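Enquirer: Structure below; questions to follow.
The values are calculated or read from the model by the stated rules, or taken from the named source; none is laboratory data. The shown structure was predicted, so the numbers you read here are calculated from the model rather than taken from an experiment. In this analysis, Cβ positions are derived from the backbone assuming ideal geometry, glycine residues included, and neighbour counts consider all displayed protein chains.
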């Protein structure tokens with residue numbers, strides 16, 4: 001068996017957790033999975049069925065919702081099944097499938113968030129390129145998927161590999177000992193996207209401050225400027241919060257992974273790794289919550305849906 005792609009005998013690996021802890025993990029993933037599919041499914045429904053025309057940034061947000069549906073549907077059942085059996089009760093191919101799915105969705109998500117920040121920057125600061133960018137939205141999303149697939153396929157091809165998590169009921173990238181791959185992954189899939197986000201939102205902030213100073217003090221121009229800035233502000237706020245929350249939720253797992261890659265795997269506490277993994281799973285439900293709270297487009301549909309649900313519930317009782 002190729003040690004770079006799988007760990008020999010891992011399919012019978014016993015869980016490092018207590019039985020009650022495995023059950024808690026399973027029920028946690030079930031709960032998060034149901035909420036993620038429901039909320040992100042509602043986001044997709046609103047975008048596809050209720051909105052006549054999607055803006056460029058809306059397409060990227062829709063893409064995030066789709067990815068946040070794919071992850072729990074394909075990725076969650078395997079660790080749930082293993083947690084209930086108190087061992088990694090899956091073979092090497094299912095383990096690789098789970099590892100591939102998690103890696104792919106993670107790269108696509110952070111790349112999409114970086115793209116959203118760049119789109120916001122171009123729409124506000126480089127308006128002469130905004131129309132051209134809007135025409136190439138589908139192409140850009142396709143490039144993001146290809147980029148995610150490329151990185152997720154590298155471990156399958158023998159560069160690094162997929163194997164069990166230290167706690168024994170899930171699978172991930174084999175971080176330990178793969179210094180070169182981990183370093184390149186860190187640069188191209190974490191550091192560069194984060195830099196793009198920071199630079200984009202930083203320049204947006206500078207541009208907005210400068211535009212306020214240049215605004216002509218007439219009643220008409222002030223009203224128009226205030227209205228435009230209000231819309232720009234809430235859109236920027238929404239996407240910025242999405243980026244920050246995503247980074248915060250994935251940071252613990254990134255730290256643990258780097259600790260494992262550049263240090264010693266047996267030194268990293270098993271439950272620290274587990275908590276970092278579970279915190280990262282929360283990213284699948286955070287984005288739709290941000291949409292509902294900050295995006296005015298979703299509020300009417302959410303109220304309609306809530307009223308419809310209450311009506312059905314009351315009629316059934």
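Enquirer: Across the stretch 160-187, what is the number of residues that are touching a residue at least 12 places away in the same chain (Cβ under 8 Å) and not in a loop (DSSP other than H, G, I, E, B)?
Expert: Residues in the stretch 160-187 being touching a residue at least 12 places away in the same chain (Cβ under 8 Å) and not in a loop (DSSP other than H, G, I, E, B): 11 in total.
Enquirer: One residue is enough: does the stretch 113-124 have a residue meeting the conditions in contact with a strand residue (DSSP E or B) (Cβ under 9 Å, 6 or more places away or on another chain) and touching a residue at least 40 places away in the same chain (Cβ under 8 Å)?
Expert: no
Enquirer: Name the residues in the stretch 264-305 that are at pLDDT below 85, within 25 Å of residue 27 (Cα to Cα) and not in a helix (DSSP H, G or I), would you?
Expert: Correct list: 268 only.
Enquirer: Moving on. Could you tell me which residue of the stretch 125-153 is farthest from the chain's Cα centre (by Cα), considering only residues that are touching a residue at least 12 places away in the same chain (Cβ under 8 Å) and under 30 Å from residue 80 (Cα atoms)?
Expert: My answer is 153.
Enquirer: Still on this structure, please answer the following. List the number of the failed condition for residue 157; all other conditions in (1) part of a helix (DSSP H, G or I); (2) surrounded by fewer than 22 Cβ atoms within 10 Å (Cβ to Cβ) hold.
Expert: Only one criterion in (1) part of a helix (DSSP H, G or I); (2) surrounded by fewer than 22 Cβ atoms within 10 Å (Cβ to Cβ) is unmet by residue 157, namely (1).
Enquirer: While we're looking at this one, here's another question. Going through the stretch 55-84 one residue at a time, which ones are more than 18 Å from the chain's Cα centre (by Cα), assigned to a helix (DSSP H, G or I) and at pLDDT below 90?
Expert: 56, 78
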